[in-house]
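J.: Take a look at this one; I'll ask things after.
The values are calculated or read from the model by the stated rules, or taken from the named source; none is laboratory data. Since the structure is predicted, the reported quantities are computational estimates derived from the model, not experimental observations. Cβ: placed from backbone, ideal geometry, glycine included. Neighbour counts: every protein chain shown. Side chains are part of the model used for accessible areas, which takes the heavy atoms of the whole protein and leaves out ligands, DNA and RNA. Shrake-Rupley method; radii C 1.70, N 1.55, O 1.52, S 1.80 Å.
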Amino acid sequence: MGNFKIQPSNFRTIPNHRVMADLAQTVMERIEALGQISEEQGRLTRTYGSAAMRRANDLAGSWMREAEMETRQDAVGNLIGHYARRGQETGDRSQEKGAEQKILLLGSHLDTVRDAGKFDGPLGVLTAIACVEELRASERRLPFALEVVGFADEEGVRFHTGYLGSKALAGGLSEEDLKRKDATGVTLAQAISSFGGRPEALEGARLDPKRLLGFVEVHIEQGPVLEQKHLAVGVVSAIAGQTRVKLTSTGRAGHAGATPMDLRRDALCAAAEFVLAAEKLAQSRNGLVATVGEITALPGASNVIPGEARLSLDVRHAEDAVRQAAMEELENRAAAIAAQRKVSVDWQHVHQTAAVRCDRRLSALLGEAVKRHQPELVLLPSGAGHDAAAMAAVTPVAMLFVRCKGGLSHHPEESASVEDVRVAIAVMNDFIQLVAQDA
Ligand code: HGY
Ligand code: MN
Ligand code: MN
């Protein structure tokens, strides 16, 4: 399956375009293979600590080892491949064993949302492995090591807090996080242990910022801009901040047939009014997005007035002040709706990350590499969250977006073309060389 066919022996005789095309083809085959690894029948869902996650780590780890990387799984279950060819053509011996080699981190996440597309996350891991395969085949040496990370949980589907894997590497996982429970009451600490991790050793999972040159993530755009501009790739300027909240509205359950409308305290109707209020607020603020992705009515019978309604709320904006003001307004709105409908509302903060600007120097080098492969360089903000947002706490970050069909993502029809993947790999290879020259 997908092993890179060009080897050091024949590398020099093959035009670079062909090498990149071959790498891109292998990435597409591997995207398909990972896309078959799911914990649900008939759709792609791969959440933290599942058996599917284990199989995905094992498969991606085998590809890393094929590329002569040393692989490990860290304390929270991130898959990490390490590639280091000592010294450089100039005979620089400063990288002798023992000298702490600097590390350029590449990668993305291997977990998915429910009923996911195949590219969100794996594309970043597989293009990074392709860069290592090209380096190995070209026998080029770098003055630093490369590490490719397959983060164990970015989406936060199981524990509702995003970036679990990257937060562990960035030193951002707290004791509070470890106490989080999933829908079955399993704590994150228990899930880490069952996945073979060591919750007691999370402090050790934190990377040493002094060793890092940066973290660069390739990811599908998950939006329409590159497609509208007819560009294969773009450089990300900033990643929007996000707040996730859990709301519970509590009224009174009752008989659907015997309870007159004016005597009801219908928790779901209160929740529904709030959902539309959140949508209305976001439509009125430029660049603000608000989403209720999950909603549950309890007790959940068609002839019972819902006594309780639980919903998620996800609010994002490129500027933290705008997002925080919107959150305050929405919390007040929820309280006003509850009062007017004689229900109570519980507002529980679940996850919050500040907006992150990508590193100027790394982004400039990435932009330099892009200009070698397409006529126009475009810088664009990311409305979606990414591991790079968490990794910015420990090292400079940059991101390369790849055009995706219709801008569609978090959907089974999510897709990118092999030609655009080829461009992304070529850009990343040039970028790595530019970092080496700039090191
Ligand atoms: O939710 C997001 O923005 C990302 O896909 N985790
Ligand atoms: Mn993603
Ligand atoms: Mn995603």
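J.: Under a 1.4 Å probe, what is the accessible area of the range 18-92 per residue, stated in Å²? Don't skip to the end; give the middle numbers.
T.: On the way: 2990 Å² over 75 residues.
Per residue, the range 18-92 has 40 Å² of solvent-accessible surface.
J.: Within 10 Å, count the other beta carbons around each residue, average over each peptide in 339-346, 61-68, and list them highest first.
T.: On the way: 339-346: 15.8, 61-68: 18.1.
Ranked by mean Cβ neighbours within 10 Å, highest first: 61-68, 339-346.
J.: Give, as ranges by residue number, the residues of the range 174-188 whose backbone N falls under 19 Å from the point 7 Å along Cα→Cβ of E203.
T.: Within reach of a label on E203: 174-179.
J.: Quick one: which of 30-39, 69-78, 233-242 comes out on top by average Cβ neighbours within 10 Å, and what's the full order, highest first? The partial results should precede the final answer.
T.: Details: 30-39: 19.1, 69-78: 20.8, 233-242: 23.0.
Output ranking for 30-39, 69-78, 233-242: 233-242, 69-78, 30-39.
J.: Just want the answer: with Cβ charges of +1 for Lys and Arg and -1 for Asp and Glu, which residue in L311, P260, A290 is farthest toward the dipole's positive end in the range 243-353?
T.: Sorting the options by dipole projection puts first P260.
J.: Once you have the Cα-Cα distance between S312 and V378, take 0.36 nm times their residue separation minus that, and quote the gain in nm to one decimal.
T.: Here the segment from S312 to V378 would lengthen by 20.4 nm.
J.: Pulled fully out, how much extra length does the chain show between N286 and E70, if you take 0.36 nm times their separation in residues and subtract their Cα-Cα distance? Intermediate results must be reported in sequence, preceding the final value.
T.: On the way: separation 216, 0.36 × 216 = 77.76 nm, distance 4.65 nm.
In short, 73.1 nm is gained.
J.: Next question. Can you check how the C-alpha radius of gyration of the chain compares to 2.2 N^0.38 Å, as a plain ratio? All intermediate terms of the calculation are to be shown ahead of the outcome.
T.: On the way: Rg = 23.4 Å, N = 439, 2.2 N^0.38 = 22.2 Å.
Ratio of Cα Rg to 2.2 N^0.38 Å: 1.05.
J.: Follow-up question, since we're still on this one. With a 10 Å cut-off between alpha carbons and a GNM built on the chain, which of A338, A152, A52 moves the most?
T.: Result for the chain, Cα springs under 10 Å: A338 fluctuates most.
J.: Now a separate question. Report, in degrees rounded to the nearest 10, the 0 to 90 angle that the Cα long axis of helix 16-35 makes with the longest principal axis of the chain.
T.: Between helix and principal axis, roughly 30 degrees.
J.: Give me the mean projected area, in nm² to one decimal, of the convex hull enclosing the Cα positions of the range 190-267. Show your work: numbers first, answer last.
T.: Details: hull surface 52.5 nm².
Averaging across all directions leaves 13.1 nm² for the Cα convex hull.
J.: While we're here: Counting pairwise Cα distances across the range 243-353, what percent come out greater than 25 angstrom?
T.: Every Cα pair in the range 243-353 considered, those over 25 Å come to 23 percent.
J.: Report the residues of the range 137-173 in range of a label on S194: point 7 Å along Cα→C-beta, backbone N strictly under 14 Å from it.
T.: Answer for this model: 158-159.
J.: Between E413 and R54, 0.36 nm times their residue separation minus their Cα-Cα distance comes to what?
T.: 126.8 nm
J.: Using Cα-Cα distances under 8 Å and only pairs 6 or more residues apart, what relative contact order does the chain have, in percent? Please report the intermediate quantities before stating the final value.
T.: Working: 970 pairs, mean separation 91.2, N = 439.
Relative contact order for the chain comes out at 21 percent.
J.: Separate question: Nearest 20 debye, what's the magnitude of the dipole of the chain about its Cα centre given +1 on Lys and Arg Cβ and -1 on Asp and Glu Cβ?
T.: The calculated dipole for the chain is roughly 120 debye.
J.: Projected onto the charge dipole of the range 243-353 (+1 at Lys/Arg Cβ, -1 at Asp/Glu Cβ, origin at the Cα centre), which of A334, A301, Q324 gives the Cα projection farthest towards the positive end?
T.: Farthest along the dipole direction, towards plus: A301.
J.: Here's a follow-up. Rank A364, L178, G162 by how far each Cα sits towards the positive end of the charge dipole of the chain (+1 on Lys, Arg Cβ; -1 on Asp, Glu Cβ) and give me just the farthest.
T.: Ranked along the dipole, the leading option is L178.
J.: Could you work out the relative contact order of the range 169-224? I mean the mean sequence separation of Cα pairs under 8 Å and 6+ apart, divided by the number of residues, in percent.
T.: Worked out over the range 169-224, it gives 34 percent.
J.: When the dipole is taken about the Cα centre of the range 243-353, and only Lys, Arg (+1) and Asp, Glu (-1) are charged at their Cβ, what size is it in debye, to the nearest 20?
T.: 200
J.: Here is a follow-up. Could you tell me the distance between the Cα centroids of the range 167-210 and the range 355-433, to the nearest Å?
T.: So the separation of the two Cα centres works out to 28 Å.
J.: Can you give me the long-range amide H partners of C358? Hydrogens built in the peptide plane at 1.01 Å from N, cutoff under 5 Å, separation of 5 or more residues or another chain.
T.: Amide H neighbours of C358, under 5 Å, 5+ apart: A238, I239.
J.: Here's something else I'd like to know. At q = 0.21, 0.29 Å⁻¹, what log₁₀ I(q)/I(0) does a Debye calculation on the Cα points of the range 132-180 give, no solvent, two decimals?
T.: -0.74, -1.10
J.: For q = 0.10, 0.14, 0.18 Å⁻¹, what log10 I(q)/I(0) does the range 302-439 give under the Debye formula with an equal point scatterer on each alpha carbon and no solvent?
T.: Computed log10 I(q)/I(0) values: -0.55, -0.85, -1.14.
J.: Related question: Whole number please: convex hull volume per residue, Cα atoms of the range 385-434, in Å³.
T.: Considering the Cα atoms of the range 385-434, their hull volume per residue is 85 Å³.
J.: Apply 1/(1 + (r/R0)^6) to the Cβ-Cβ distance of A354 and T259, taking R0 = 35 Å, and write down the FRET efficiency to the nearest 0.05.
T.: 0.15
J.: Going 7 Å from the Cα of S302 in the Cα-to-Cβ direction, what parts of the range 230-274 have a backbone nitrogen less than 15 Å from that spot?
T.: Those under the cut-off are 256-257.
J.: Something else: Given labels modelled 7 Å from the Cα in the Cβ direction, how far is it in nm from S62 to Q25?
T.: Reported label-point gap for S62 and Q25 is 2.1 nm.
J.: While we're looking at this one, here's another question. Distance cut-off 28 Å, Cα to Cα: go down the list K179/K342; K102/K167; K280/K342 and report the pairs above it.
T.: Beyond 28 Å between Cα atoms: K179/K342.
J.: Moving on. Tell me the carbon and sulfur percent of the accessible area for the range 243-353, rounded to whole percent, probe radius 1.4 Å.
T.: Values: 3190 of 6080 Å².
Heavy-atom surface of the range 243-353 belonging to carbon and sulfur, 1.4 Å probe: 52 percent.
J.: Can you tell me the 0 to 90 degree angle between the C-alpha axis of helix 418-438 and the longest principal axis of the chain, rounded to 10?
T.: 60
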